[in-house]
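Working notes for the structure below.
Any read-out appearing in this document is the output of simple, stated calculations on the displayed coordinates, not a laboratory observation. Predicted model, so just to flag it, every value in this text is computed and none were measured. No Cβ is skipped: glycine too gets one built from the backbone with ideal geometry, and neighbour counts run over all protein chains shown.
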Amino acid sequence: MAADNRLAELLDLVVSQGGSDLHLFAGGSPMLRVSGTLIPLTKYPAFTGEETEAILKSIVPEERWGVFVRDQAVDLSYAHGADARFRVNGYRVQGAVALALRLIPHMVRTFTELNLPSTLEVFTQRKQGFFLVVGPVGQGKSTTLAAMIDRINESRSEHILTIEDPVEYLFAPKKSLIHQREVYIDTPDFKDALQGSFREDVDVIMVGEMRDYETISSAVTAAETGHLVFSTLHTNNAAQTIDRIIDMFPAEQQGQVRVQLAGSLAGIFSQRLVPRISGGLIPAVELLINNNAVSTLIREARTHEISAVIQTSSQEGMIDMDRSLVDLVRRGEVTVEHAYEHASDPKTFETYL
């Protein structure tokens, strides 16, 4: 079977089986991730290195193939049929090409459909500020951001700019004007696109990922100058996120960045996808809202105290991860065992049960 035909058949399977990810590699059968679990597709023969390279080459634009040859890795989006799109990462393993393909749902789901707290609605209606969605890889950060951007799109007349590598969810303009720029195709990098946004009459900016301090600096500046900025980081919780941002900057700039972040931060939302008793996954969440107490802790480099503020500020809308997990257990959504695996502080989690 030709490489492109094998790929098409496997991508159809991802969609039909409700999978999230497909892994192709030399020397083994394809593997499909469903509800967080990897399943070997043993009825399909193992790929050779020549086959995986042919598959990757068939979907990478010719002008991007040089990037893969140079860097031994490449990211791109790939449309399969009329309704399915995938985020693709091609890379080498012991000299052979491997691919990880993640399904991007065609429809942007709502907060309710995603089981996200309605509090997030508040942040979509702000005029300016810096809001971060954080968590480990594969925990639904992009999906949550898409829901927030689409809520703005359907409720406000704004100019929304997304900067992504690659572009994932495709937004249809509703009340807003939406421009989606892809790194390497529409702009050299995140930083250049962010700096260019200051001249493009943009109201809302979504940065797919903040990879360096220049991008973070531009994002914070945008939030300070009247923009509503959304982005993601691969961090575990709110306190760690703030420390990671500060630590990205040279030591002589960290004091100033603390002041800027204390003033511009709107909130930080952390999530984990936990196996659901009824099947599928459901998010457990932490939400930090930047109030006077939090702002003071950021300025004074006392971020280790932020978790305590979250735990004691539920009346202000903040959400503690361990309480969120306990709530899921009490509602019969997840088992105690699965909740415990995701607890921020297992001892605190036990006291809440």
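Pairwise Cα distances in region 3-104 exceed 17 Å in 47 percent of cases. Rounded to two decimals, the Cα radius of gyration of region 180-231 over 2.2 N^0.38 Å is 1.00.
Taking Cα atoms, how many degrees apart are the long axis of helix 321-330 and the longest axis of the chain, rounded to 10 and kept between 0 and 90? Once rounded, the angle reads 70 degrees. Rg and Dmax over the alpha-carbon atoms of the chain stand at 21.0, 63 Å. Label sites at residue 82 and residue 212, each approximated as a point 7 angstrom past Cα along Cα to Cβ, lie 4.3 nm apart. Rounded to the nearest 10 degrees, the inclination of helix 213-224 to the longest alpha-carbon principal axis of the chain is 50 degrees. Normalised by the number of residues in the chain, the average gap of Cα pairs under 8 Å and 6 or more apart makes the relative contact order 12 percent. Entry note, the chain: the mean residue ellipticity at 222 nm calculated from DSSP H runs of n ≥ 4, each adding -39500 (n - 2.57), is -11000 deg cm²/dmol after division by the residues and rounding to the nearest 500. Neighbours of residue 220, meaning other residues whose beta-carbon lies under 12 angstrom from its beta-carbon, give a summed charge of -1 when Lys and Arg score +1 and Asp and Glu score -1.
Between helix 62-71 and the chain there is an angle of about 70 degrees, using the helix long axis and the longest principal axis of the Cα atoms.
Non-local lysine pairs in region 120-352, meaning eight or more places apart or on different chains, with alpha-carbon distances under 29 Å, amount to 10. For region 152-163, putting each phi into the Karplus relation 6.51 cos²θ - 1.76 cosθ + 1.60 with θ = phi - 60° gives couplings of 5, 4, 8, 10, 9, 9, 10, 9, 9, 10, 10, 10 Hz, in residue order, rounded to whole numbers and with x for Gly and Pro. What is region 52-120 by shape, rounded, prolate or oblate, if you read a ≥ b ≥ c off the alpha carbon gyration tensor as root eigenvalues and call it rounded for a/c under 1.5, prolate for a/b larger than b/c, and oblate otherwise? Taking the square roots of the gyration eigenvalues as a ≥ b ≥ c, region 52-120 is prolate.
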